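The values are calculated or read from the model by the stated rules, or taken from the named source; none is laboratory data. In this text the structure is predicted, and so the values were computed from the model without any measurement. Cβ placement follows ideal geometry from the backbone for every residue including glycine, while neighbour counts extend to all protein chains displayed.
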Amino acid sequence: METSNIIEVTHLNKQFLVDKQPMEVLHDISLQVKQGEFITIVGHSGCGKSTLLKIICGLVGYEDGQVERNGHPVTGPGPKCGMVFQDHRLLPWLKIKDNVGFGLGDLPKQERDEKVRKHLELVGLAGFENSYPSQLSGGMSQRAAIARGLANNPTILLLDEPFGALDALTRIQMQKEILRIQEKEGTTMVMVTHDIDEAIYLGDRIVVMSARPGEIKDIIEVDRAAAGKRSGAEFAAYKKKIYDYFFEDSDEKYEVEYVI
């Protein structure tokens, strides 16, 4: 049985005004995401990756094209679409349990508390519910942000460089954690990242974008078993293919150690 598309982006174009002049950020973007997929998006800085996520979330409008989420045109943020940013954006004056439950104010207290407890446990923060953000490490704060993003039971979770500020070891741990959560919850996830290893390790498909104006150069299907072996030849082949796109319009040459 074929899985239906939960996100449909068709011939999307986006411009921003810079010094009163239009600057094209995204050009003719078409992308379909199936329910339960994990999609990663890579590309040069400024190519519109984060803008694309914000459009899908309903935080930013667009000039023309069509964007649908859960079968309906996107007209703004919705409870079935969560978003996690690079900066965890936890409210420093609230305890972790209140940050996670911040968007659940209309629920009865018992149901709200149970949802918060479940999602703190899901991200490995049971026992830290009464801590404040300043008392958590960077990785723990991102776990709390992910719990907050999942607390409304979204069908889609959008992640904008959520691990970019973490040290290398914590980042790898968080990559494993987000895969575990995605498998357990079945949430459709779309992540923007500058880390090509991360894109390969996490993605069922990798969307490779050009420099501004951002266009989709390729969508690479990933063998999940191969992607789990970072030192394997297939992982290196995916990495080389992506780097080839990054450097195809440049006179620069990348060193072999970056791709093996």
I219 - would you say it is within 24 Å of G58 (Cα to Cα), surrounded by fewer than 20 Cβ atoms within 10 Å (Cβ to Cβ), more than 13 Å from the chain's Cα centre (by Cα) and β-branched (V, I, T)? yes
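Filter region 126-136 for residues that are surrounded by 15 or more Cβ atoms within 10 Å (Cβ to Cβ) and part of a helix (DSSP H, G or I) and give the result. It would help to see each step written out before you state the result.
Initial filter on region 126-136 (surrounded by 15 or more Cβ atoms within 10 Å (Cβ to Cβ)): 128-129, 131-133, 136.
The answer is P133, and nothing else.
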With respect to the numbered conditions (1) part of a strand (DSSP E or B); (2) surrounded by 15 or more Cβ atoms within 10 Å (Cβ to Cβ), which one is the sole condition not fulfilled by M23? (2)
Criterion: charged (D, E, K, R), touching a helix residue (DSSP H, G or I) at 6+ places or on another chain (Cβ under 6 Å) and closer than 28 Å to K229 by Cα - qualifying residue of D160, D204: D160
Considering L166, L179, which residue is surrounded by 16 or more Cβ atoms within 10 Å (Cβ to Cβ), of a type outside the set (F, W, Y) and in a loop (DSSP other than H, G, I, E, B)? L166
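Right, L12: modelled with pLDDT of 95 or more and either buried (at least 21 other Cβ atoms within 10 Å of the Cβ) or assigned to a loop (DSSP other than H, G, I, E, B) (or both) or not? Give the derivation first.
Values: modelled with pLDDT of 95 or more: yes; either buried (at least 21 other Cβ atoms within 10 Å of the Cβ) or assigned to a loop (DSSP other than H, G, I, E, B) (or both): yes.
The answer is yes for L12.
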